[in-house]
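Here's the structure we're looking at; comments come further down.
The values are calculated or read from the model by the stated rules, or taken from the named source; none is laboratory data. Just so it is clear, the model here is predicted, and its values are computed rather than measured. Positions of Cβ are backbone-derived with ideal geometry, glycine not excepted, and every protein chain shown enters the neighbour counts. Keep in mind that these areas ignore ligands, DNA and RNA; they rest on the heavy atoms of the full protein, side chains included. Shrake-Rupley method; radii C 1.70, N 1.55, O 1.52, S 1.80 Å.
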Amino acid sequence: MDIYLFDHEKYKYFYNCSMYTTEQWNSFGVRRPGLGIFSIIVGTLAIILYVPCAKTMLLPELWKLPCYRLMFLNSIIDILGLINSCIVSGYLSIEGVVYCSYPDFLYIYGSFTMGLWAAQCMTALILGINRCIEFWQYRLLSGLFKGYKMAFWWMVVIAYFFLFFMFTGSSPYNTIMNMWMTDPYAGIPGIKVDRSWYANLKLLNINNTGVFVGLSSCYIFLVFSIWLRRRMTGSVTLSKIQRQVSIQACVICSFICLAGGIYVFFELFPEIAGPTLIIIDFLSWQCGFYGVIICYMVMNTTLRRGVIGFYLQLLGYLPHPNMTASIVTGAVVCTT
């Protein structure tokens, strides 16, 4: 984004649309109405569930818990990600666009997409570290997420977003490859340009590799901790709660690890990046957003009851008192 704002000549050099007319550029696009409609429907349904889910996290009984504050931050990123990966991408897939169909919009939005992906990775990593620390309840380490210190972790995520938004190359959407690609001319024949700027992906590859290794390490450590605690305590009840939390955590991080891992693989071995594998990567990226809300609705009773209660109130029905009470009781899952 920095060259668009501060070095426009360089931007015009690397993102030049003068080779073809607008009609010719549009003719290169591939319309994918099935994938587009699927993306829009899934994204809309996920947002309908995610908004009241995020609202439930703001309840005082939950908000006082560090993990729910991080989960709320992650929910903001996920809702924005659903708009981006499902609704916007779905519309562009139906229309069949390439970068030069809407150059300014796709460049700016592609930079936003890059920043959002980085923020999602960082939030997931911080949440993984938080889960490991809270599992063992070491007072010194647990204090890193208490009170006003949580604002520091939010600022880390926001700063990381702007780092990628401003100082990494944009990734405009391309329906030929069906992905937000750093190369705006990917798949378009007859284009001879300097591609050195698009190939400079060190920061992105470091992020993707780091989040893959970091998340995997966190949740391997968490699974090992559950096994060790079970041997130490022999508590069946404790093991059940820990198993629920660890499964949620592993499911959430697996989508991010899969999307990031495939993207790094494509960068290392671009000759293998066929259309089918790219679509799989695109769908796994979408799953990184809507998969989280599915996980919450299936595995997290606290948030599921909050969503049901929200829509019951919206329809004019008062939730049963036991439902409200269970939301407070369910909060203990996140502190165990």
Tyr20-Met232 FRET efficiency (beta carbon distance; Förster radius 56 Å; 0.05 resolution): 0.25
Protein accessible area in the range 99-160, 1.4 Å probe - carbon and sulfur %: 78 percent
Where N is the number of residues in the range 110-185, Cα Rg divided by 2.2 N^0.38 Å: 1.45
Net lengthening on full extension, Gln137/Ile280 (0.36 nm per residue, minus Cα-Cα): 47.6 nm
Candidate residues Asp281, Asp194: accessible-area rank, largest first, probe 1.4 Å: Asp194, Asp281
Accessible surface, the range 55-164, averaged per residue in Å² (probe 1.4 Å): 39 Å²
Candidate lysines - alpha carbon under 19 Å from Lys10, same-chain residues fewer than 8 apart omitted: Lys192
The range 78-185, relative contact order in percent, only Cα pairs under 8 angstrom and at least six apart counted: 42 percent
Accessible surface, 1.4 Å probe, highest first, among residues Glu134, Glu61, Glu9, Glu95: Glu9, Glu61, Glu95, Glu134
Amide H within-cut-off set for Ser171, under 5 Å, with H built and near neighbours excluded: Gly110, Ser111, Met114
Taking the range 1-99 and dividing mean pair separation by its residue count, relative contact order in percent (alpha carbons under 8 Å, at least six apart): 46 percent
Euclidean distance of C-alpha centroids, the range 109-186 and the range 2-73, integer Å: 14 Å
Charge context of Leu141, other residues only, Cβ under 13 angstrom, K/R +1, D/E -1: +3
Debye intensity ratio in log₁₀ form over the Cα atoms of the range 1-299, taken at each q of 0.07, 0.11, 0.13, 0.16 Å⁻¹: -0.30, -0.69, -0.93, -1.31
Cross-link partners of Lys149 among lysines (Cα-Cα below 21 Å; sequence separation of 8 or more within a chain): Lys64
Length released on extending from Leu203 to Trp154, taking residue separation times 0.36 nm less the Cα-Cα span: 15.6 nm
Approximate spin-label separation Met166-Arg31, in nm, with each point projected 7 Å along Cα-to-Cβ: 4.2 nm
Summed side-chain charge close to Gly90 - residues other than Gly90 whose Cβ falls under 13 Å, Lys, Arg +1, Asp, Glu -1: +1
Calculated over the range 84-221: convex hull of Cα atoms, volume per residue (Å³): 128 Å³
Cut-off 15 Å, label 7 Å out along Cα→Cβ of Phe38, residues of the range 278-293 by amide N: 278-288, 290-291
Dimensionless Rg/Rh of the range 1-145 - Kirkwood Rh, Rg from C-alpha atoms: 1.12
Rough spin-label spacing in nm, given labels placed 7 Å along Cα→Cβ, for Trp63 and Leu315: 2.8 nm
Added length on full extension, which subtracts the Cα-Cα distance from 0.36 nm per residue, Leu5 to Ile308: 104.6 nm
Length-normalised contact order of the range 1-299 in % [C-alpha pairs under 8 Å, at least 6 apart]: 22 percent
Ordering of 15-23, 136-144 by packing [mean C-beta count within 10 Å, highest first]: 15-23, 136-144
